[in-house]
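J.: Structure in structure tokens, see below.
The values are calculated or read from the model by the stated rules, or taken from the named source; none is laboratory data. Keep in mind that what you see is a predicted model, and the values were worked out from it rather than measured. FYI the Cβ positions are ideal-geometry reconstructions off the backbone, even for glycines, and counts take in every protein chain you see. Accessible surface areas use protein heavy atoms only, side chains included; no ligands, DNA or RNA. Shrake-Rupley method; radii C 1.70, N 1.55, O 1.52, S 1.80 Å.
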Amino acid sequence: MDGGFAPVAAAEARIGPNAITQLVAVLDRVEGRAFRDQVMAAAVVAVPDPALGMIPEGDAAAVHLALRMAVPERAEGLLRLAGLATGSYILKHRIPRGAQWVIRALPAPLGARLLAGAIARHSWTFAGSGAFRIAGWTPLTFEVAGNPLAAGLRADHAACHWHAAVFERLFARLVWKGCVVREVACVAAGDGLCRFEVLPHA
């Protein structure tokens with residue numbers, strides 16, 4: 001394990017812009033610009049400029065919530081698409097090709113540890129003020145306490161499809177081709193934190 005949770009100070013409550021920008025791209029492609037504008041207006045959030053860096057996590061949470069309220073029957077699928085797109089963006093722009101080659105070349109358990117460590121070191125980009133940790137290795141398990149994108153949500157099932165999809169895209173491309181990530185605990189469903197299991201196969 002990584003030794004415990006690593007929270008970010010509340011005054012620094014910011015998150016990576018992909019939490020919004022990749023969702024905007026999905027909405028434009030799947031639902032259309034008018035619907036995207038409707039969601040952003042309901043959230044009272046402008047589309048961020050990725051060049052400006054991190055954004056307030058509250059903005060990302062508001063956009064995700066506005067989408068869930070606008071189309072509750074389709075929101076989870078759209079958030080999953082946005083999470084997969086975020087993972088693809090990270091692979092293209094944030095993980096050097098040399099590092100990707102090393103991870104792929106290693107035996108899967110070692111590659112998974114290397115990738116998990118990199119994710120933990122950069123967890124503020126997707127966990128914001130939440131606290132992330134590697135909670136176990138068999139199966140590889142991630143936990144996010146105080147997940148800002150799940151704050152205030154109420155559901156009868158795990159609801160963090162964006163996070164699960166980000167993890168799934170990274171591990172499927174670099175470690176286990178048939179990887180599936182399942183959220184087995186979620187604050188939206190009344191659990192104390194969000195817990196994700198990274199499974200080599202479905």
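J.: For the range 92-185, give the magnitude of the charge dipole about the Cα centre (Cβ charges: +1 Lys/Arg, -1 Asp/Glu; no others), in debye to the nearest 20.
T.: 460
J.: Search the structure for amide H atoms under 5 Å from the amide H of R14, placed 1.01 Å from N in the peptide plane, and list their residues when 5 or more places away or on another chain.
T.: E57, S129
J.: Using only Cα atoms and rounding to the nearest 10 degrees, what angle (0 to 90) does helix 161-174 make with the longest principal axis of the chain?
T.: 40
J.: Can I ask one more? Given H placed 1.01 Å from N in the peptide plane, which residues other than close sequence neighbours of A135 have an amide H under 5 Å from its amide H?
T.: Those lying under 5 Å, H to H, from A135 are T141, F142, E143.
J.: Using alpha carbons only, how many degrees (0 to 90, rounded to 10) separate the axis of helix 57-70 from the longest principal axis of the chain?
T.: Relative to the chain, helix 57-70 is tipped by roughly 70 degrees.
J.: Another question, then. Within the chain, what whole-number % of the accessible surface is contributed by carbon and sulfur, with the 1.4 Å probe and all protein chains included in the calculation? It would help to have the intermediate numbers written out before the result.
T.: Numbers: 5570 of 9660 Å².
Answer for the chain is 58 percent, counting heavy atoms of protein chains only.
J.: Given the peptides 37-48, 13-24, 53-64, arrange them by the average over their residues of other C-beta atoms within 10 Å, most packed first.
T.: In descending order of packing, they fall as 13-24, 53-64, 37-48.
J.: Turning to a different aspect of this structure: Would you mind working out the magnitude of the charge dipole of the chain relative to its Cα centre, with +1 at each Lys and Arg C-beta and -1 at each Asp and Glu C-beta, to the nearest 20 Debye?
T.: In debye, rounded to 20, the chain gives about 720.
J.: Turning to a different aspect of this structure: Can you tell which of L52, Q22, A105 lies farthest toward the positive end of the dipole of the chain, using +1 and -1 charges on the Cβ of basic and acidic side chains (Lys, Arg; Asp, Glu)?
T.: It is A105, whose Cα lies furthest towards the positive end.
J.: Say each of K92 and H157 gets a label point 7 Å from the Cα, pointing the same way as Cα to Cβ; how far apart are those two points in nm?
T.: Between K92 and H157, the label points sit 3.0 nm apart.
J.: Moving on to the next point. On a 0 to 90° scale, report how tilted helix 75-93 is relative to the longest principal axis of the chain, with both axes built from alpha carbons and the result rounded to the nearest 10.
T.: Around 50 degrees separate the two axes.
J.: With each pseudo-label sitting 7 Å past Cα toward Cβ, what's the L52-W101 distance in nm, one decimal?
T.: Placing both labels 7 Å beyond Cα along the Cβ direction yields 3.8 nm.
J.: What whole number of Å gives the distance from the Cα centroid of the range 59-106 to the Cα centroid of the range 129-202?
T.: 12
J.: How much accessible area per residue does the range 48-189 have, counting only protein heavy atoms and a probe of 1.4 Å, in square angstrom? Walk me through the intermediate numbers first.
T.: On the way: 6450 Å² over 142 residues.
Ligands and nucleic acids excluded, the figure is 45 Å² per residue.
J.: Show that you can apply the helix-only estimate: for the chain, add -39,500 (n - 2.57) for every DSSP H stretch of four or more residues, divide by all residues, and state [θ] at 222 nm to the nearest 500.
T.: Working: 8 runs with 98 residues, N = 202.
So the helix-based figure for the chain works out to -15000 deg cm²/dmol.
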